[in-house]
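One structure is given below, encoded as structure tokens.
Laboratory data are not the source of any read-out in this text; all were calculated from the coordinates shown. The model shown is predicted, which means the values in this text are computed figures rather than measured ones. Using ideal geometry, Cβ is built from the backbone for each residue, glycine included, and neighbour counts are taken over all protein chains shown.
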Amino acid sequence: MARSGAAGGDHFPDDGSRISVRVVTVLTMGTKFWIKRFFMVLLAAFVLISAAQMLKGHEFGYSAAQGAVWGIVAASVFTIARVFQSRRGQHCAICKDTPEMQQVRGDAGESGPSQ
């Protein structure tokens, strides 16, 4: 017997298979992965925000402070959102950070012409 999910009308079997998928996803993308992802986003946000502040004519100290503060906010929101989405089995086509999406990307690369 299937039950309807609250969001999106997904149907899940009652045999517990959804739980095993969740455990596999969390285990394959551990704490080290998420810390690395956080710092990658932090660095990118810091550079972009600092550069934007410098282009506005602000001093370097002010620009770096704004980049640090808003970079931390942006990286935190992004990482927390991705953790929750990955635990629900939702894939990000841009990030390709789940094992399933990495396999799709790898399969697509192999099907191209050989050099």
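How much net charge surrounds LEU43 when only other residues with a Cβ under 13 Å from its Cβ are counted (Lys, Arg +1; Asp, Glu -1)?
Result for the local shell: +2.
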Potential lengthening between ALA93 and SER76 on full extension [0.36 nm per residue; Cα-Cα distance subtracted]: 4.1 nm
